[in-house]
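Please read the structure below before turning to the comments.
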Amino acid sequence: MFSKTTYTITINPKIPPRLERLEELANNLWYSWDRATRMLFSRLDPVLWSAVGHNPKAFLKRADESVLLKAAEDPNFLTTYDSILSTFDSYLYEPSQRDKANGLRTKDQIVYFCFEFGFHESLPIYSGGLGILAGDHCKAASDLHLPFVAVGLLYRQGYFSQTIDNQGNQRAVYTDSDFEDLPVSPVLHDDGSEVRIQVALPGRQVTVKIWMAKIGRVTLYLLDTDLPENSQQDRDITHKLYGGDKTMRIEQEIILGIGGVRALHEMGIKPTIWHINEGHAAFMIPERIRILMRGDLDFDSALEAIAANTIFTTHTAVPAGHDHFSEEMVQRYFEPFYRELNINHETFMALGQTASSKDFNMTALAVRGSRTHNGVSKIHGNVSAKICQDLWPQIEPEENPLAYITNGVHVPTFLAQEWTDLFDRYLGYGWRTKLCDTTFWQQIYDIPDHMFWSIRQSLKSQMLFGIRDRLAEQNTRNHGSEAHLDRLLKFTDPVNPNVLTIGFARRFATYKRATLLFENLNWLRKIVLDEEYPVLLIFAGKAHPADVPGQDLIRRISQIAHMPDFEGRLLLVEGYDLRLARRLVAGVDVWLNNPIYPLEASGTSGIKAGINGSLNLSVLDGWWEEGYDGLNGWAIKPGPENMEAVVRDQEESLALYEILQDQVIPLYYNRSKFGYSPEWVRMAKHSMASLLPGFSASRMVEQYLKNFYYPASRQNDRYRSDQFSGAREIAAWKSRIRSAWHGVEIRRLDIPPTRACFNDILHFKVAAKLNGLTPEDVIVEMLISRQYKKTRLSNFNHFSFEYTGIQEQDAHIFELRLSPELCGKQEYFIRIYPYHTLLTHPLEMGMMVWM
Ligand SMILES: *Cc1c(COP(=O)(O)O)cnc(C)c1O
């Protein structure tokens with residue numbers, strides 16, 4: 001062997017001055033939803049574009065100088081380039097009407113924390129739904145011109161790339177990103193030095209570098225510990241998303257939560273509204289308290305002050321899915337905090353403990369450290385209210401402060417180019433500003449059927465091309481023969497995309513039941529083997545490397561895909577990512593989702609499919625329970641929650657086969673002489689028109705703004721003004737209530753009437769024993785409603801009693817005069833709860849005494 005040294009040198013092209021702003025375009029993730037920008041790069045060198053995984057920044061560093069020089073003189077290219085830049089500039093710099101109308105004050109600044117962000121495949125710091133939702137939130141915040149920054153971690157290796165072998169074994173491949181190639185840059189001080197902060201972990205200080213990424217108008221700050229000054233162990237903290245053990249997880253969460261707050265401080269950013277997206281970032285709460293306590297604020301007042309302007313969104317419907325850490329672990333990491341917060345171990349632990357566990361639960365911490373909390377669909381809001389009900393022990397889940405805002409998707413990102421072009425022509429360029437306007441989208445029905453259908457077919461062709469490429473690659477790697485590949489691609493014909501194609505792609509988490517469709521293989525055979533009406537099934541998704549049952553699902557699907565009957569009719573495609581997702585949701589005819597009710601918090605891929613004219617066939621769970629209107633897709637009604645799993649799978653798969661065989665297939669193949677099914681087209685149009693306005697990220701962020709951000713900003717003012725007098729007042733009041741509440745009682749003084757005439761004035765009278773509280777500290781209230789079979793608390797009308805000024809012995813007398821507005825038998829309740837005008841939610845104390 002010769003001993004020799006390998007030297008490497010990287011040669012970057014010089015960007016011609018005429019094209020110098022390509023660098024700006026490559027450094028703003030605006031390209032993740034502006035397809036014209038992506039096409040501009042791809043046009044320069046399609047082969048390189050594909051080789052660099054559609055990453056503009058990596059592309060520019062490797063493009064041939066001659067290609068760039070030629071483009072700089074190509075009038076066609078320059079026209080497109082100039083027009084893109086002018087759109088880019090007006091997007092970034094033109095004020096919008098909304099700037100004034102968004103209800104925020106000039107000093108307002110929203111910050112959004114999340115463990116993962118998914119904008120585009122070129123920034124691989126996401127794993128699935130949560131990250132993509134966070135990415136869409138940022139994009140919509142940019143579209144709406146909100147004063148918005150985000151904070152996350154810059155993972156060296158991100159999640160993982162997936163390959164699947166012939167036996168269906170998933171292989172997880174981790175590769176280091178070269179940050180120079182990512183659309184990120186280090187944040188610099190005025191003097192040009194890099195911004196760094198320190199975070200203490202047991203026995204050491206970890207240095208954290210801050211990067212930034214531009215998402216249109218929004219800036220995302222990303223924290224990175226992979227620095228030479230840190231030990232290898234600490235460098236690894238920001239290596240893998242959802243990799244490693246509990247120690248790794250708590251350290252990641254400390255870097256994100258505590259490091260994130262320090263980073264903002266170091267950069268001079270002073271948020272007035274803090275949004276915690278999923279519990280991972282909740283350690284921001286003790287850190288923010290710590291900072292406030294460096295003034296003369298006590299712990300309780302500081303907690304009130306920071307909670308008042310904090311919003312927490314939970315995304316998990318499975319209690320076990322909420323992060324939690326052992327008591328011993330929390331002590332090890334947070335003991336130094338106790339002194340600074342002036343509290344003992346028990347008080348700190350109490351921030352995260354629940355009635356059911358002594359572990360420190362990040363969801364509990366996030367709820368206690370925020371005054372606005374929500375789930376991500378109506379069903380999930382209810383589920384979360386139940387999961388968290390112990391945090392408001394005397395309040396029924398239905399009434400507790402855990403609300404919901406249903407997820408949406410960023411339409412410009414997920415709507416296929418063909419639709420965008422068609423809308424530009426048919427609806428005018430302004431459609432992008434009318435995303436939430438239901439009436440506006442009625443115009444979709446005016447698109448001629450044949451035109452609509454030809455776009456659907458063209459999207460399907462493109463998708464099938466993409467699938468063929470991936471499968472060919474997969475086959476080569478797995479040493480499959482040409483003949484095998486031919487058999488595999490028998491029904492995947494982009495030239496003739498007339499086979500009904502059903503897509504299922506998402507994380508292979510067991511509750512998503514990827515194999516429900518294979519419950520009864522004989523029935524499925526009958527369905528897909530039909531000569532005249534064939535069906536193609538496409539499956540894709542990743543299972544977490546530690547999720548063994550999830551990986552078993554992949555093996556099972558692979559096994560079925562290899563059965564002679566299913567070969568070519570069931571395709572398992574590896575490497576599910578944003579790129580494959582965009583293609584699949586736009587290209588398939590039917591998007592299938594069959595989770596176990598009520599575990600799908602929201603689900604968003606079905607929305608992406610629906611807005612592209614694919615039809616959803618899903619269990620009525622998550623967003624679909626709100627999106628389904630009887631005509632825009634198909635629904636599987638879930639059995640009751642307590643149903644045995646085996647029975648549920650049987651019944652719901654039965655429903656699935658019946659819907660496929662009796663509805664989906666006949667409708668799809670009921671083709672007119674023009675080659676398509678007019679009823680199918682009508683349904684697809686309806687899917688777009690009904691789902692696009694209701695489930696866009698614009699609608700979602702507008703709701704966050706109106707219902708949460710704006711009120712949080714007002715609360716922030718009330719609590720902070722005058723040296724935090726509001727926070728101090730509410731903290732003192734709560735402490736008084738907590739110590740007295742156990743002795744509060746109410747007793748009725750009038751004789752309950754059983755019958756009255758309409759228009760009669762009824763007179764109710766109660767005595768409230770307040771145990772040292774004053775009548776101003778409480779609300780005595782009647783809830784009244786007509787009696788229904790199942791009356792929900794939200795159906796009741798509320799009437800407050802008035803304090804009479806009379807005190808008898810140890811009780812205060814309250815009265816209510818009421819003339820019921822309805823006839824018939826009515827049901828009413830009387831109750832008392834603590835109330836203060838500074839509260840964010842009237843029931844946030846979690847206290848209530850019913851008569
Ligand atoms: C939209 C999306 C998801 C989330 O899909 P669900 O329906 O919520 O499972 C996951 N991964 C990718 C790549 C996506 O684009």
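When each of the peptides 837-849, 136-148 is scored by how many other beta carbons lie within 10 Å of its residues on average, the order from highest to lowest is 136-148, 837-849. Residue ranges 360-371, 381-392 sort as 360-371, 381-392 when ordered by packing (mean number of other C-beta atoms within 10 Å per residue, highest first). On the principal axes of its alpha carbon atoms, region 744-850 extends 40, 31, 19 Å, with the longest extent given first.
Here region 640-700 is treated as an ellipsoid with the same Cα gyration tensor; its semi-axes, largest first and in whole Å, are 29, 23, 5. Relative to the dominant Cα principal axis of the chain, helix 578-587 is inclined by about 80°.
Compute the distance in nm between two label points, each set 7 Å from the Cα along the Cα-to-Cβ direction, one at Glu482 and one at Gln826. That separation, rounded to one decimal, is 8.4 nm. Between Glu473 and His742, the FRET efficiency estimated from the beta carbon spacing at R0 = 45 angstrom works out to 0.10. The modelled label-to-label distance between Asp190 and Glu346, using points 7 Å beyond Cα along the C-beta direction, is 5.0 nm.
Computing FRET efficiency as 1/(1 + (r/R0)^6) for Trp850 and Gln198, where r is the C-beta to C-beta distance and R0 is 60 Å, gives about 0.70. Direction-averaged projected area, Cα convex hull, region 174-309: 10.0 nm², rounded to one decimal.
With the gyration tensor restricted to C-alpha atoms of region 242-328, the semi-axes of the equivalent ellipsoid amount to 24, 15, 14 Å, longest first. Protection proxy ranking of 444-451, 31-38, 676-683, by the mean of other Cβ atoms within 10 Å over each peptide's residues and highest first, is 31-38, 676-683, 444-451.
Annotation for region 561-656: GluC sites (Glu not before Pro) lying in DSSP loop with at most 13 further Cβ atoms inside 10 Å of their Cβ are Glu641, Glu644.
Helix 417-426 and the long axis of the chain differ in direction by around 80°, with both axes built from C-alpha atoms. Over the C-alpha atoms of the chain, the Rg to Rh ratio, Rh being the Kirkwood estimate, stands at 0.99. Under a model in which nothing but the beta-carbon of Lys, Arg (+1) and Asp, Glu (-1) is charged, the chain shows a dipole of about 560 debye around its Cα centre. Evaluate E = 1/(1 + (r/R0)^6) for Glu567 and His450, where r is the Cβ-Cβ distance and R0 equals 25 Å; express this FRET efficiency to the nearest 0.05. Using R0 = 25 Å, I get an efficiency of 0.15.
Using only the C-alpha atoms, the convex hull of region 354-445 corresponds to 144 Å³ per residue. Among the trypsin sites (Lys or Arg not before Pro) in region 728-761, those placed in a DSSP loop whose Cβ has at most 12 other Cβ atoms within 10 Å are Arg755. Distance between the modelled labels on Asp165 and Arg671, one decimal in nanometres: 4.2 nm (7 Å Cα→Cβ projection). When the C-alpha to C-alpha distance is required to be over 22 Å, the pairs from Lys57/Lys542; Lys434/Lys685; Lys246/Lys378; Lys57/Lys608; Lys214/Lys270; Lys209/Lys240 that qualify are Lys57/Lys542; Lys246/Lys378; Lys57/Lys608. If one takes the longest principal axis of the Cα atoms in the chain, at what angle in degrees, from 0 to 90 and to the nearest 10, does the Cα axis of helix 284-293 lie? So the helix axis and the longest Cα principal axis differ by about 50 degrees. The mean sequence separation of alpha-carbon pairs under 8 Å and at least six residues apart, normalised by the residue count of region 17-93, gives a relative contact order of 27 percent. In terms of its alpha-carbon gyration tensor, region 450-694 comes out rounded; the largest-to-smallest axis ratio a/c stays below the 1.5 threshold. Multiplying each eigenvalue of the alpha-carbon gyration tensor of region 17-93 by 5 and taking the square root yields semi-axes of 18, 15, 10 Å, largest first, rounded to whole angstroms.
FYI, it's all coordinate maths here, none of it is from the lab. This one's a predicted model, so the numbers in the text were calculated from it and none came from an experiment. Positions of Cβ are generated from backbone atoms using ideal geometry, with glycine treated the same way; all protein chains shown enter the neighbour counts.
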